[in-house]
Amino acid sequence: MKSKKRWIGSVFVLTLVFLCFDSPVLIAQETFKIGVILSTAGRYGPMGTGQKLGAALAVKKINEMGGVNGRMIEMIFEDDEGDPGKGTTAIRKLISVEKVVAIFGASSNIVSHAISLIAEDMKVPIISPAPSPKLTLDKRFVFQNVGREELLIEKVGKYFQKVKKWKKVGILHDDSEYGMDLSKGIEEWLIPKGFVVSKAKFSPRASDVSPQWLILRKDDVEGVFLVGGPAMAPAVALKNRKQLGITIPVIASPSLNNEKFLELAGDAAEGIVMVSYFHYEKWTPGELALINFMKKEVPDIFPNLFHALGWDGIHLFANAMKKVGNDPVRIRDELEKTKKYQGAVGEYSFSPADHNGLGPDTLTYVTVKKGKFVYIEE
Amino acid sequence: MSIFGVGVFILFPHLTSEYFVSILTLIGIYSIAATGLNVLLGNTGQISLGQAAFYGIGAYSSALLTTKLSLNFWLAMPFAGIIAAVFGYIVGLTSVRLRHAYLAMATLAFNEIFLVIVEQWGEFTGGVGGLVGIKRPNLWGYPLHSGASYLYLVWFVLFLIFFFNKNLLRSRIGSAISSVRQDEVAAAALGIKVSRYKLKIFTLSAFYTGVAGSLFAHYSRFIGPGSFHIHFSIVLLIMVEIGGVRNPFGGIVGAAIIVLLPELLSFCSKLSFLPHGIRLILNEYSYHLIIYGILLFVIAVFAPGGFVKWISNWIGWSSRLFMGKGNQGWTSLGRRD
Amino acid sequence: MLEYKLKMDLIDILQLLISGVTVGGIYALVALGFHIIYISTRILNFAHGVIVLWGGLLGYTLMVHLKLNFFLVLVLVLLIGWLFGILFNRIVIEPIKYVSPGIQIICLLAVSTVFENIAAVIWGKEPLSFPPFPWSKNPIPIGKLVLLPQSLWVIGLTLVGLTITQWVLKGTMIGKAIRATANNITAARLMGIDTRKTYSMAFGIALALGAMAGMVISPLTFAGGYLAIPILIKGFTASILGGMAAPMSSILGGFLLGIMESLAAGLISTAYLDAIIMSLLLLILLLRPQGLFASKME
């Protein structure tokens, strides 16, 4: 028995030794390899799972239509587990062992930052679905395919200023990076324009957000911007608002633009306004491409922003690969030439100076009627 | 034999992929942090759920000293360790009155407070978004930018700490600590100031962990509070427990297993001869966590010495197998002096 | 400090108290479970958070998928929790009974992680919307205040839990056995008490209470999620605040924690809330470790 354990141990060690060395490079690269690094569990789980599905569907669709110039694309997935250490190991594995020529990832700002530095060093283009404002700064290989925070701030600010003409507003935010960054950003936009701003913070794991609502009600705000990470705590916040009988209007961030949020909030979400990437009744062609394919492949799942991010990421790379082939630097060059590409998230136009590519028309306003998102005219 | 080992060690990072070098680097950094915890757990039996905070204090201190005050890394790193040690001392003061679960809760509270301060003090620490722009250190003008060069640094620091630690335990301080661990009352009766030694252990433990944090900050070149949550404190506990609690190698072995296991599972999930269902399981992070938890429990119950015992037995057995009966030298590797 | 004017008027403060008491009731049930285990076995159950999770999820499956009657579901969740407790004792606690406390804590944390992820595998990683309890659809207005029927459920069930626990521990033979074992395990064994049974019973009751807590909070929030460790921290904080010595002090600790969280958020700061609560915990640990409501150190 003891010797059996030792032989197992030897096998373990030998496998480790195998892991050490580079896998033998194939004579001909048969597929275009794209590395995908996302979190499918934990706090960013819902985002990562959606992004992964969107990416996988994009790969399937492109391959079904004949691939890129006849060659198939292949997605190689690594889970970063929300940990930058794991993320950096994963990206090095994807680039130096699996020999991917492009990377899509990561779900969270913190891992995206860590892996972007490496992608930049190793000269492999990376598209990130994470909204961190400083991500593409001074970088030549890092792109973002989700709207910059400034766009969102403008959209919400304009809603307060031009559409509703309010003067006193509240910001109800969680302490995720998304919530903190946006609440600070919108406050900095509003105050110079003469607004009176009241802020209240809740925990992403909160079971009760009543105190925050009482504060906002006491401060007599005319409207509230609700910003939060995953769906749970913001849904609780809306439920508390309804229970307390508070009718202060709410405009919510696009992170809540998904079915799970509507499910958890129930009828407490009725009538709120939300900034959204999706146009619902006025679907754009890019959105329709995603929606129709998802209806065919995964009819039980309703498309959301995360699917769109994954879907667009792969398509952006594939389009570049169609023109220039397999070289990472040339793919990056070609990406920078993208002009007016209709993706599911929005219309992309990159340039060497602009690695974010989405314009103000990407976002729109929607409202919730009878448990569904409905497009509203500006 | 040792020259051969050193030679292999120097050449190895250049022969292997950047991926494996990064794995070894992470193992090295986590080993230092885990050794820090092992110093505490192994010598006082006390649990700390706040090690992530010391790791974070070391990381932020080093990052801020080098970016905001332009301090040289070679000064910043030990300074970071010292700053962490100061906080270790403060937290250690609670250990005078608190033990076991109560002490664990106090360290946890400390960790939470640390996180809130980092997140709210945004102008200084970068807040929730994190701190960018941390640079790799320069060694006599040569930047340690490549994976291999930083790997040497990390493992060099690890060896320093390891040997310092080993010698510490051999000295008089070591035997005092040993008697405290075994029976606090008897030790006190013998005139050993129990609280003073516990305090020293806390401080030392925090110092090692802070140094690890500094190395981590300059390795990733970006840090955010998300890396320093309770989750990481628990991971360190798991490393120490799986590796082997009172053994000086325990931290290293534990860190190695925790870093390598998911890579191994991921590697196996790509083997095409395995059935699809099994491959799906191997790739899912949720299943990984289930496996670790069960593994930890099994080891704690059936093999409290941790993996170190197994490894030293295995090394002994295989060296006998391959090199004949004469070579017994390696079997003393895991044994405690 | 003297300049500080209350941010809110009395009505709002009362409302804060109401929501604080609601959440506090859940903390109280968790703290009570902790207490029972501690008083019977001297073990601090670091895996306690995960049973709360499972309670909510089991309740969800029984109510939504099997569409059973609510009261039946409540009873079933209690029973299943009790069974889990017995199994937990046999499979988890017994092997680690004689291990050092530090290692025990690590093992319990590991078990918590395992079951949290098993739940994620079974029910999915995302939380689920839990249907409201009977008579709970609409809030009850009392003047300008709003009272949720769910809050009444929480408080009611907490008190029921407390009453049953008191009755079992003081009134029944097994309760006496539990207390005897807690007092002196060797003496108890010598007197013929089956300590394995008393441990099982203690865990059974504690986990049943925890499972019920999970079910009771779910309509207000949701079922599921990765909340085992946060719930553990809250429950433990409540226990330390109130004191682990008596059932009543644990319950009071729970309500107190809920109220303090609510008041601190409303009146002091939402940004520093966690730091405030944790600092308070540290103070209590250092100055009055037996808890605010206990008379002596156990």
Could you please let me know if A:ASP361 is in a helix (DSSP H, G or I) and acidic (Asp, Glu)? yes
Output the number of the condition that C:ALA180 fails; it satisfies all remaining conditions of (1) away from chain B (no Cβ under 14 Å); (2) outside any helix (DSSP H, G or I); (3) crowded, with 16+ Cβ neighbours inside 10 Å; (4) not aromatic (Phe, Trp, Tyr). (2)
Neighbours by Cβ (under 8 Å, 6+ apart or cross-chain): first from segment C:78-91, over 17 Å from C:VAL30 (Cα atoms); second basic (Lys, Arg) and modelled with pLDDT under 95: C:ASN89/C:ARG196
Helices (runs of 4 or more DSSP H) contained entirely in segment A:1-104, each with at least 3 residues that are modelled with pLDDT of 90 or more and more than 14 Å from chain B (Cβ to nearest Cβ): A:45-64
Members of segment A:167-214 found to be in contact (Cβ under 8 Å) with a residue 60 or more places away in the chain and either under 19 Å from C:SER19 (Cβ atoms) or surrounded by fewer than 19 Cβ atoms within 10 Å (Cβ to Cβ) (or both), listed by number: A:GLY170, A:LEU172, A:ASP174, A:PRO204
Condition first: out of contact with any Ser or Thr (no Cβ under 8 Å at 6 or more places or on another chain), within 14 Å of chain A (Cβ to nearest Cβ) and not basic (Lys, Arg). Can you find one or more residues in segment C:29-40 that meet it? yes
Scanning segment A:166-186 for residues that are assigned to a helix (DSSP H, G or I) and small (Gly, Ala, Ser), the one nearest to the other protein chains (Cβ to nearest Cβ) turns out to be A:GLY179
Any hit, segment B:6-27, residues being among the small types (Gly, Ala, Ser) and away from chain A (no Cβ under 14 Å): yes
For segment A:249-284, how many residues meet the condition of being within 13 Å of A:VAL345 (Cβ to Cβ) and of a type outside the set (A, V, I, L, M, F, W, C)? 6
Which one is surrounded by the most Cβ atoms within 10 Å (Cβ to Cβ) among residues in segment B:86-109 that are more than 7 Å from chain C (Cβ to nearest Cβ) and touching a Phe, Trp or Tyr at 6+ places or on another chain (Cβ under 8 Å)? B:GLY88
Would you mind stating whether A:VAL324 is touching a Ser or Thr at 6+ places or on another chain (Cβ under 9 Å), among the β-branched types (Val, Ile, Thr) and surrounded by 15 or more Cβ atoms within 10 Å (Cβ to Cβ)? no
Scan B:GLU112, B:GLU119 and give me the residue that is of a type in the set (Asp, Glu), surrounded by 21 or more Cβ atoms within 10 Å (Cβ to Cβ) and closer than 25 Å to B:LEU199 by Cα. B:GLU112
Return yes when B:GLY81 is within 30 Å of C:ARG42 (Cβ to Cβ) and among the small types (Gly, Ala, Ser) and no when it is not. no
Search result, residues across segment A:119-159 that are more than 14 Å from chain B (Cβ to nearest Cβ), over 20 Å from A:GLU336 (Cβ atoms) and in contact with a Lys or Arg (Cβ under 9 Å, 6 or more places away or on another chain): A:GLY157
For the condition within 25 Å of the chain's Cα centre (by Cα) and outside any loop (DSSP other than H, G, I, E, B), what is the one hit in A:PRO234, A:PRO230, A:PRO211? A:PRO234
So which residues in segment B:6-17 are of a type in the set (Val, Ile, Thr) and either touching a strand residue (DSSP E or B) at 6+ places or on another chain (Cβ under 7 Å) or assigned to a loop (DSSP other than H, G, I, E, B) (or both)? B:THR16
Please note which helices (runs of 4 or more DSSP H) are completely contained in segment B:226-337 and include at least 3 residues that are closer than 30 Å to A:THR40 by Cα and either more than 10 Å from chain C (Cβ to nearest Cβ) or at pLDDT 85 or above (or both). B:230-243, B:250-269, B:276-283, B:285-302
Could you go through segment C:98-121 and let me know if any residue there is more than 9 Å from every other protein chain (Cβ to nearest Cβ) and part of a helix (DSSP H, G or I). yes
Using the structure shown, decide if B:GLU119 is among the charged types (D, E, K, R) and within 14 Å of chain C (Cβ to nearest Cβ). yes
Picking from C:GLY214, C:GLY210, the residue that is within 14 Å of chain A (Cβ to nearest Cβ) and either surrounded by 24 or more Cβ atoms within 10 Å (Cβ to Cβ) or farther than 25 Å from C:ILE122 by Cβ (or both) would be C:GLY214
So is A:ALA269 touching a strand residue (DSSP E or B) at 6+ places or on another chain (Cβ under 6 Å), within 14 Å of another protein chain (Cβ to nearest Cβ) and closer than 19 Å to A:ILE376 by Cα or not? yes
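The values are calculated or read from the model by the stated rules, or taken from the named source; none is laboratory data. Worth saying up front: this structure is predicted, and the values here are computed from it rather than measured. Reconstructed Cβ throughout: ideal geometry from the backbone, glycine too, with neighbour counts over all protein chains shown.
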